[in-house]
1. Looking only at the stretch 188-209, which residues are within 25 Å of residue 261 (Cβ to Cβ) and either within 16 Å of the ligand (Cβ to nearest atom) or free of Cβ contacts under 8 Å to residues at least 24 places away in the same chain (or both)?
2. Which condition number does residue 281 fail, the rest of (1) farther than 30 Å from residue 329 by Cβ; (2) surrounded by fewer than 17 Cβ atoms within 10 Å (Cβ to Cβ) being met?
3. Examine the stretch 313-320 for a residue that is modelled with pLDDT of 90 or more, within 9 Å of the ligand (Cβ to nearest atom) and in contact with a helix residue (DSSP H, G or I) (Cβ under 9 Å, 6 or more places away or on another chain), and state whether such a residue exists.
4. Somewhere in the stretch 333-349, is a residue near the ligand (Cβ under 8 Å from one of its atoms) and at pLDDT 90 or above?
5. Name the residue, out of 285, 388, 371, that is without any contact (Cβ under 8 Å) to a residue 60 or more places away in the chain and away from the ligand (no atom under 11 Å from the Cβ).
6. Taking the stretch 350-364 on its own, how many of its residues are under 19 Å from the mean Cα position of the chain (by Cα) and more than 6 Å from the ligand (Cβ to nearest atom)?
7. Quickly run through the stretch 187-239 and pick out the residues that are outside any helix (DSSP H, G or I) and over 28 Å from residue 292 (Cβ atoms).
8. Which one of the conditions (1) out of contact with any strand residue (DSSP E or B) (no Cβ under 9 Å at 6 or more places or on another chain); (2) over 19 Å from residue 379 (Cα atoms) does residue 258 fail to meet, given that it meets all the rest?
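The values are calculated or read from the model by the stated rules, or taken from the named source; none is laboratory data. Keep in mind it's a predicted model, so treat the numbers as computed, not measured. Glycine also receives a Cβ, built like all others from the backbone with ideal geometry; neighbour counts cover every protein chain displayed.
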Ligand code: ADP
(Lines give C-alpha, C1' and ligand atoms only; values in the text may rest on other atoms or scores of the structure.)
Protein backbone atom coordinates (compact mmCIF):
# COMPACT_ATOMS: atom_id res chain seq x y z
CA UNK A 1 0.00 0.00 0.00
CA UNK A 2 1.71 3.21 -1.17
CA UNK A 3 0.62 6.69 -0.24
CA UNK A 4 0.42 9.17 -3.11
CA UNK A 5 3.17 11.82 -2.89
CA UNK A 6 2.23 15.05 -1.11
CA UNK A 7 0.98 17.25 -3.93
CA UNK A 8 2.50 20.52 -2.64
CA UNK A 9 5.83 21.09 -0.82
CA UNK A 10 5.74 20.96 3.00
CA UNK A 11 4.72 24.23 4.62
CA UNK A 12 7.04 26.12 6.94
CA UNK A 13 6.04 28.95 9.27
CA UNK A 14 8.61 31.60 10.23
CA UNK A 15 7.64 33.85 13.13
CA UNK A 16 9.68 36.95 13.95
CA UNK A 17 8.57 40.47 14.88
CA UNK A 18 11.48 42.00 12.96
CA UNK A 19 10.99 42.32 9.20
CA UNK A 20 14.74 42.17 8.52
CA UNK A 21 15.02 38.80 10.28
CA UNK A 22 12.09 37.45 8.31
CA UNK A 23 13.65 38.67 5.09
CA UNK A 24 16.99 37.11 5.95
CA UNK A 25 15.44 33.72 6.78
CA UNK A 26 13.19 33.63 3.71
CA UNK A 27 16.23 34.54 1.59
CA UNK A 28 18.09 31.54 3.06
CA UNK A 29 15.18 29.15 2.57
CA UNK A 30 13.62 30.37 -0.66
CA UNK A 31 15.61 27.90 -2.77
CA UNK A 32 14.59 25.00 -0.51
CA UNK A 33 11.55 22.83 -1.35
CA UNK A 34 9.19 24.48 1.14
CA UNK A 35 6.14 26.69 0.95
CA UNK A 36 7.06 29.58 3.26
CA UNK A 37 4.62 31.42 5.51
CA UNK A 38 5.61 34.47 7.55
CA UNK A 39 4.15 35.93 10.73
CA UNK A 40 5.32 39.10 12.49
CA UNK A 41 3.60 38.33 15.82
CA UNK A 42 2.51 35.45 17.99
CA UNK A 43 -1.15 36.26 17.25
CA UNK A 44 -0.59 36.14 13.50
CA UNK A 45 1.23 32.83 13.92
CA UNK A 46 -1.74 31.37 15.81
CA UNK A 47 -4.12 32.53 13.08
CA UNK A 48 -2.02 30.79 10.43
CA UNK A 49 -1.73 27.66 12.56
CA UNK A 50 -5.53 27.39 12.49
CA UNK A 51 -5.48 27.38 8.69
CA UNK A 52 -2.47 25.25 7.69
CA UNK A 53 -0.63 22.06 8.57
CA UNK A 54 3.03 23.06 8.98
CA UNK A 55 5.93 20.67 8.75
CA UNK A 56 7.84 22.91 11.21
CA UNK A 57 7.61 26.32 12.87
CA UNK A 58 10.62 28.61 13.34
CA UNK A 59 9.71 30.75 16.31
CA UNK A 60 11.51 33.84 17.58
CA UNK A 61 11.62 33.95 21.36
CA UNK A 62 11.83 37.70 21.99
CA UNK A 63 8.64 39.22 20.63
CA UNK A 64 6.39 41.96 22.11
CA UNK A 65 2.93 41.04 23.52
CA UNK A 66 3.01 37.27 22.99
CA UNK A 67 6.57 36.03 23.26
CA UNK A 68 7.83 32.81 21.67
CA UNK A 69 7.18 30.63 24.73
CA UNK A 70 3.62 31.87 25.15
CA UNK A 71 2.96 31.47 21.43
CA UNK A 72 4.27 27.87 21.61
CA UNK A 73 1.96 27.13 24.54
CA UNK A 74 -1.05 28.36 22.51
CA UNK A 75 0.12 26.51 19.40
CA UNK A 76 -0.02 23.25 21.37
CA UNK A 77 -3.70 23.89 22.03
CA UNK A 78 -4.57 24.10 18.34
CA UNK A 79 -5.41 20.68 16.89
CA UNK A 80 -3.41 21.21 13.70
CA UNK A 81 -0.25 22.34 15.48
CA UNK A 82 -0.49 20.13 18.56
CA UNK A 83 2.56 18.12 17.52
CA UNK A 84 4.21 20.39 14.92
CA UNK A 85 7.96 20.62 15.60
CA UNK A 86 8.96 24.08 16.87
CA UNK A 87 12.49 25.44 16.59
CA UNK A 88 13.08 28.45 18.83
CA UNK A 89 15.31 31.21 17.50
CA UNK A 90 16.93 33.68 19.85
CA UNK A 91 19.54 36.43 19.65
CA UNK A 92 20.38 36.54 23.36
CA UNK A 93 22.64 33.88 24.67
CA UNK A 94 20.40 31.76 26.88
CA UNK A 95 21.08 30.10 30.16
CA UNK A 96 20.33 26.39 30.32
CA UNK A 97 17.27 27.09 32.46
CA UNK A 98 15.76 29.35 29.81
CA UNK A 99 16.52 26.80 27.13
CA UNK A 100 14.72 24.14 29.19
CA UNK A 101 11.70 26.40 29.27
CA UNK A 102 11.57 26.16 25.52
CA UNK A 103 11.61 22.36 25.64
CA UNK A 104 8.87 22.39 28.28
CA UNK A 105 6.47 24.17 25.94
CA UNK A 106 7.19 21.77 23.12
CA UNK A 107 10.30 23.09 21.35
CA UNK A 108 12.21 20.36 19.65
CA UNK A 109 15.25 22.53 19.08
CA UNK A 110 16.83 25.79 20.06
CA UNK A 111 18.99 27.81 17.66
CA UNK A 112 21.01 30.89 18.53
CA UNK A 113 21.37 33.89 16.26
CA UNK A 114 23.32 34.46 14.09
CA UNK A 115 21.92 31.25 12.77
CA UNK A 116 24.17 28.77 11.05
CA UNK A 117 22.16 28.37 7.85
CA UNK A 118 23.73 25.00 7.02
CA UNK A 119 22.58 23.52 10.34
CA UNK A 120 19.14 25.13 9.97
CA UNK A 121 18.69 23.67 6.45
CA UNK A 122 19.84 20.23 7.62
CA UNK A 123 17.45 20.25 10.58
CA UNK A 124 14.54 21.41 8.42
CA UNK A 125 15.29 18.73 5.83
CA UNK A 126 14.97 16.07 8.55
CA UNK A 127 11.74 17.59 9.84
CA UNK A 128 10.28 17.80 6.31
CA UNK A 129 11.17 14.14 5.78
CA UNK A 130 9.48 13.23 9.07
CA UNK A 131 6.43 15.20 8.02
CA UNK A 132 6.22 13.29 4.72
CA UNK A 133 6.63 9.96 6.49
CA UNK A 134 3.95 10.93 8.98
CA UNK A 135 1.65 11.88 6.12
CA UNK A 136 2.24 8.50 4.49
CA UNK A 137 1.54 6.65 7.74
CA UNK A 138 -1.64 8.61 8.27
CA UNK A 139 -2.71 7.94 4.70
CA UNK A 140 -2.06 4.21 5.10
CA UNK A 141 -3.91 4.19 8.41
CA UNK A 142 -6.87 5.81 6.70
CA UNK A 143 -6.80 3.20 3.92
CA UNK A 144 -6.53 0.41 6.47
CA UNK A 145 -9.37 1.86 8.46
CA UNK A 146 -11.53 2.10 5.32
CA UNK A 147 -10.67 -1.48 4.42
CA UNK A 148 -11.59 -2.73 7.90
CA UNK A 149 -14.83 -0.77 7.70
CA UNK A 150 -15.63 -2.30 4.33
CA UNK A 151 -14.88 -5.80 5.58
CA UNK A 152 -17.09 -5.22 8.64
CA UNK A 153 -19.85 -3.92 6.39
CA UNK A 154 -19.51 -6.94 4.09
CA UNK A 155 -19.66 -9.28 7.06
CA UNK A 156 -22.71 -7.45 8.37
CA UNK A 157 -24.43 -7.74 4.98
CA UNK A 158 -23.52 -11.42 4.73
CA UNK A 159 -24.88 -12.05 8.25
CA UNK A 160 -28.06 -10.18 7.32
CA UNK A 161 -28.49 -12.27 4.18
CA UNK A 162 -27.88 -15.46 6.17
CA UNK A 163 -30.40 -14.37 8.81
CA UNK A 164 -32.92 -13.54 6.07
CA UNK A 165 -32.45 -16.96 4.42
CA UNK A 166 -32.77 -18.76 7.74
CA UNK A 167 -35.85 -16.73 8.50
CA UNK A 168 -37.44 -17.50 5.14
CA UNK A 169 -36.75 -21.21 5.65
CA UNK A 170 -38.29 -21.05 9.13
CA UNK A 171 -41.27 -18.97 7.96
CA UNK A 172 -42.02 -21.38 5.08
CA UNK A 173 -41.77 -24.31 7.49
CA UNK A 174 -44.14 -22.62 9.95
CA UNK A 175 -46.60 -21.75 7.18
CA UNK A 176 -46.49 -25.25 5.71
CA UNK A 177 -46.88 -27.12 9.01
CA UNK A 178 -50.61 -26.40 9.48
CA UNK A 179 -51.35 -26.67 5.74
CA UNK A 180 -50.53 -30.40 5.49
CA UNK A 181 -53.10 -31.61 8.08
CA UNK A 182 -55.59 -29.02 6.83
CA UNK A 183 -55.24 -30.40 3.36
CA UNK A 184 -55.77 -33.96 4.58
CA UNK A 185 -58.87 -32.95 6.54
CA UNK A 186 -60.34 -31.16 3.53
CA UNK A 187 -59.69 -34.21 1.37
CA UNK A 188 -61.45 -36.45 3.92
CA UNK A 189 -64.48 -34.14 3.92
CA UNK A 190 -64.62 -34.09 0.15
CA UNK A 191 -64.31 -37.86 -0.01
CA UNK A 192 -67.15 -38.29 2.48
CA UNK A 193 -69.28 -35.77 0.62
CA UNK A 194 -68.66 -37.27 -2.80
CA UNK A 195 -69.35 -40.78 -1.61
CA UNK A 196 -72.55 -39.61 0.11
CA UNK A 197 -71.36 -40.95 3.44
CA UNK A 198 -70.98 -37.66 5.33
CA UNK A 199 -74.33 -38.26 7.11
CA UNK A 200 -73.15 -41.63 8.41
CA UNK A 201 -70.18 -40.11 10.27
CA UNK A 202 -70.63 -39.65 13.99
CA UNK A 203 -71.33 -36.01 14.89
CA UNK A 204 -68.60 -35.95 17.53
CA UNK A 205 -66.00 -37.19 15.04
CA UNK A 206 -67.14 -34.53 12.55
CA UNK A 207 -66.85 -31.85 15.20
CA UNK A 208 -63.35 -33.01 16.14
CA UNK A 209 -62.32 -32.87 12.48
CA UNK A 210 -63.72 -29.36 12.13
CA UNK A 211 -62.12 -28.15 15.36
CA UNK A 212 -58.80 -29.54 14.24
CA UNK A 213 -59.15 -27.83 10.82
CA UNK A 214 -60.13 -24.61 12.57
CA UNK A 215 -57.04 -24.84 14.81
CA UNK A 216 -54.77 -25.20 11.79
CA UNK A 217 -56.36 -22.14 10.16
CA UNK A 218 -55.88 -20.24 13.43
CA UNK A 219 -52.24 -21.26 13.57
CA UNK A 220 -51.77 -20.15 9.98
CA UNK A 221 -53.35 -16.77 10.59
CA UNK A 222 -51.31 -16.27 13.79
CA UNK A 223 -48.09 -16.95 11.87
CA UNK A 224 -49.09 -14.48 9.17
CA UNK A 225 -50.01 -11.89 11.84
CA UNK A 226 -46.58 -12.29 13.46
CA UNK A 227 -44.84 -11.77 10.14
CA UNK A 228 -46.94 -8.69 9.44
CA UNK A 229 -46.25 -7.32 12.93
CA UNK A 230 -42.50 -7.60 12.44
CA UNK A 231 -42.67 -5.64 9.21
CA UNK A 232 -44.88 -3.03 10.94
CA UNK A 233 -42.37 -2.67 13.80
CA UNK A 234 -39.47 -2.40 11.36
CA UNK A 235 -41.20 0.31 9.33
CA UNK A 236 -42.56 2.05 12.46
CA UNK A 237 -46.15 1.63 11.24
CA UNK A 238 -47.66 -0.08 14.26
CA UNK A 239 -50.86 1.61 15.37
CA UNK A 240 -51.93 1.45 19.00
CA UNK A 241 -55.51 1.90 20.19
CA UNK A 242 -55.37 2.87 23.83
CA UNK A 243 -58.47 2.53 26.00
CA UNK A 244 -59.36 1.61 29.57
CA UNK A 245 -58.56 -2.07 30.11
CA UNK A 246 -59.05 -4.38 33.09
CA UNK A 247 -55.90 -6.50 33.05
CA UNK A 248 -57.29 -9.22 35.35
CA UNK A 249 -60.36 -9.79 33.15
CA UNK A 250 -58.22 -9.80 30.00
CA UNK A 251 -55.80 -12.38 31.42
CA UNK A 252 -58.63 -14.63 32.72
CA UNK A 253 -60.20 -14.59 29.25
CA UNK A 254 -56.88 -15.61 27.65
CA UNK A 255 -56.25 -18.41 30.17
CA UNK A 256 -59.79 -19.74 29.62
CA UNK A 257 -59.29 -19.72 25.86
CA UNK A 258 -56.41 -22.15 26.37
CA UNK A 259 -58.53 -24.59 28.44
CA UNK A 260 -58.96 -27.27 25.75
CA UNK A 261 -55.35 -27.06 24.60
CA UNK A 262 -54.12 -27.35 28.21
CA UNK A 263 -56.38 -30.34 28.80
CA UNK A 264 -54.99 -32.03 25.68
CA UNK A 265 -51.44 -31.34 26.84
CA UNK A 266 -52.21 -32.54 30.38
CA UNK A 267 -51.11 -29.34 32.05
CA UNK A 268 -52.95 -27.12 34.50
CA UNK A 269 -52.94 -23.39 35.10
CA UNK A 270 -53.66 -21.65 38.38
CA UNK A 271 -54.21 -17.95 38.60
CA UNK A 272 -54.09 -15.33 41.29
CA UNK A 273 -55.71 -12.23 39.93
CA UNK A 274 -56.33 -8.87 41.53
CA UNK A 275 -59.60 -7.62 40.01
CA UNK A 276 -59.07 -3.89 40.15
CA UNK A 277 -55.97 -3.54 37.96
CA UNK A 278 -57.21 -1.09 35.38
CA UNK A 279 -54.99 0.85 33.01
CA UNK A 280 -54.91 2.71 29.75
CA UNK A 281 -53.54 0.20 27.24
CA UNK A 282 -54.09 -1.37 23.80
CA UNK A 283 -56.26 -4.35 24.80
CA UNK A 284 -55.60 -6.31 21.60
CA UNK A 285 -51.82 -5.96 21.91
CA UNK A 286 -51.71 -6.75 25.65
CA UNK A 287 -53.82 -9.83 24.88
CA UNK A 288 -51.23 -10.76 22.25
CA UNK A 289 -48.42 -10.52 24.85
CA UNK A 290 -50.42 -12.63 27.33
CA UNK A 291 -51.15 -15.27 24.68
CA UNK A 292 -47.47 -15.42 23.79
CA UNK A 293 -46.31 -15.85 27.39
CA UNK A 294 -48.92 -18.49 28.23
CA UNK A 295 -48.41 -20.46 25.03
CA UNK A 296 -44.63 -20.40 25.65
CA UNK A 297 -45.21 -21.61 29.22
CA UNK A 298 -47.26 -24.49 27.78
CA UNK A 299 -44.77 -25.21 25.01
CA UNK A 300 -41.61 -25.14 27.12
CA UNK A 301 -43.28 -26.03 30.45
CA UNK A 302 -42.80 -29.82 30.14
CA UNK A 303 -46.46 -30.42 31.11
CA UNK A 304 -45.88 -28.95 34.58
CA UNK A 305 -48.44 -26.59 36.18
CA UNK A 306 -48.38 -22.97 35.07
CA UNK A 307 -48.97 -20.06 37.44
CA UNK A 308 -50.37 -16.73 36.28
CA UNK A 309 -50.54 -13.67 38.48
CA UNK A 310 -51.88 -10.14 38.00
CA UNK A 311 -51.22 -7.54 40.70
CA UNK A 312 -50.40 -3.92 41.42
CA UNK A 313 -46.76 -3.26 42.23
CA UNK A 314 -45.37 0.18 43.08
CA UNK A 315 -48.35 1.83 41.40
CA UNK A 316 -47.83 -0.16 38.18
CA UNK A 317 -49.59 -3.23 36.86
CA UNK A 318 -47.70 -6.50 36.85
CA UNK A 319 -48.40 -9.70 34.93
CA UNK A 320 -46.36 -12.76 35.91
CA UNK A 321 -46.33 -16.06 34.00
CA UNK A 322 -44.36 -18.82 35.69
CA UNK A 323 -43.64 -22.34 34.50
CA UNK A 324 -41.56 -25.24 35.76
CA UNK A 325 -40.24 -26.45 32.41
CA UNK A 326 -36.92 -26.50 30.56
CA UNK A 327 -35.86 -22.99 31.67
CA UNK A 328 -33.40 -20.65 29.93
CA UNK A 329 -29.65 -20.43 30.52
CA UNK A 330 -28.43 -17.08 31.90
CA UNK A 331 -26.40 -16.28 28.76
CA UNK A 332 -29.53 -16.63 26.56
CA UNK A 333 -31.87 -14.54 28.67
CA UNK A 334 -31.26 -11.22 26.88
CA UNK A 335 -31.01 -12.34 23.29
CA UNK A 336 -34.30 -14.32 23.26
CA UNK A 337 -36.08 -10.95 23.15
CA UNK A 338 -34.41 -10.21 19.81
CA UNK A 339 -35.76 -11.18 16.41
CA UNK A 340 -35.15 -14.77 15.30
CA UNK A 341 -33.34 -15.72 18.50
CA UNK A 342 -34.01 -18.95 20.29
CA UNK A 343 -32.52 -20.89 23.15
CA UNK A 344 -34.38 -24.20 22.73
CA UNK A 345 -33.36 -26.78 20.11
CA UNK A 346 -35.19 -26.28 16.79
CA UNK A 347 -35.54 -30.08 16.44
CA UNK A 348 -37.65 -30.34 19.56
CA UNK A 349 -39.50 -27.04 19.40
CA UNK A 350 -40.84 -25.30 16.28
CA UNK A 351 -41.67 -21.62 16.11
CA UNK A 352 -40.76 -18.40 14.38
CA UNK A 353 -38.75 -17.01 17.32
CA UNK A 354 -40.69 -13.78 17.01
CA UNK A 355 -43.15 -13.98 19.92
CA UNK A 356 -40.90 -12.45 22.58
CA UNK A 357 -39.56 -9.86 20.15
CA UNK A 358 -43.10 -8.75 19.27
CA UNK A 359 -44.11 -8.82 22.95
CA UNK A 360 -41.16 -6.70 24.02
CA UNK A 361 -41.88 -4.17 21.23
CA UNK A 362 -45.52 -3.95 22.34
CA UNK A 363 -44.47 -3.45 25.96
CA UNK A 364 -41.94 -0.84 24.86
CA UNK A 365 -44.76 1.05 23.06
CA UNK A 366 -46.57 1.05 26.43
CA UNK A 367 -43.41 2.34 28.18
CA UNK A 368 -43.38 -0.83 30.26
CA UNK A 369 -40.85 -3.58 30.82
CA UNK A 370 -40.64 -7.30 30.15
CA UNK A 371 -38.03 -9.50 31.83
CA UNK A 372 -37.29 -13.11 32.59
CA UNK A 373 -35.84 -14.91 35.60
CA UNK A 374 -34.79 -18.48 35.02
CA UNK A 375 -32.27 -21.24 35.48
CA UNK A 376 -31.68 -23.94 32.91
CA UNK A 377 -33.91 -26.94 33.68
CA UNK A 378 -35.75 -25.12 36.47
CA UNK A 379 -38.56 -23.25 34.72
CA UNK A 380 -38.95 -19.62 33.76
CA UNK A 381 -40.78 -16.63 35.18
CA UNK A 382 -41.69 -13.84 32.76
CA UNK A 383 -42.75 -10.53 34.32
CA UNK A 384 -44.42 -7.69 32.44
CA UNK A 385 -44.66 -4.30 34.15
CA UNK A 386 -47.03 -1.70 32.71
CA UNK A 387 -47.52 1.92 33.76
CA UNK A 388 -51.26 2.35 34.31
CA UNK A 389 -51.56 5.70 32.58
CA UNK A 390 -49.92 6.98 29.45
P1 LIG B 1 -41.55 -18.50 19.43
O2 LIG B 1 -42.54 -17.45 19.00
O3 LIG B 1 -40.94 -19.23 18.29
O4 LIG B 1 -42.00 -19.41 20.54
P5 LIG B 1 -40.34 -16.66 21.25
O6 LIG B 1 -39.80 -15.38 20.71
O7 LIG B 1 -41.63 -16.59 21.97
O8 LIG B 1 -40.33 -17.69 20.05
O9 LIG B 1 -39.23 -17.27 22.21
C10 LIG B 1 -37.87 -17.24 21.83
C11 LIG B 1 -37.11 -18.34 22.51
O12 LIG B 1 -37.13 -18.12 23.92
C13 LIG B 1 -37.71 -19.73 22.32
O14 LIG B 1 -37.21 -20.31 21.13
C15 LIG B 1 -37.22 -20.46 23.57
O16 LIG B 1 -35.88 -20.92 23.34
C17 LIG B 1 -37.15 -19.35 24.62
N18 LIG B 1 -38.32 -19.35 25.53
C19 LIG B 1 -39.39 -18.54 25.48
N20 LIG B 1 -40.24 -18.79 26.49
C21 LIG B 1 -39.69 -19.79 27.21
C22 LIG B 1 -40.08 -20.50 28.41
N23 LIG B 1 -41.21 -20.23 29.04
N24 LIG B 1 -39.23 -21.47 28.85
C25 LIG B 1 -38.09 -21.76 28.22
N26 LIG B 1 -37.67 -21.11 27.09
C27 LIG B 1 -38.46 -20.15 26.59
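1. Passing the criteria: 188, 189, 201, 202, 203, 204, 205, 206, 207, 208.
2. Condition (2) is where residue 281 drops out.
3. Quick first cut of the stretch 313-320, residues modelled with pLDDT of 90 or more only: 313-320.
From what's left, within 9 Å of the ligand (Cβ to nearest atom): none.
The answer is no; no qualifying residue exists.
4. So far as the stretch 333-349 goes, yes, one or more of its residues are near the ligand (Cβ under 8 Å from one of its atoms) and at pLDDT 90 or above.
5. After applying the criteria, what remains is 371.
6. Total satisfying the criteria: 4.
7. Answer for the stretch 187-239, where residues must be outside any helix (DSSP H, G or I) and over 28 Å from residue 292 (Cβ atoms): 195, 196, 197, 201, 202.
8. For residue 258, the exception is condition (1).
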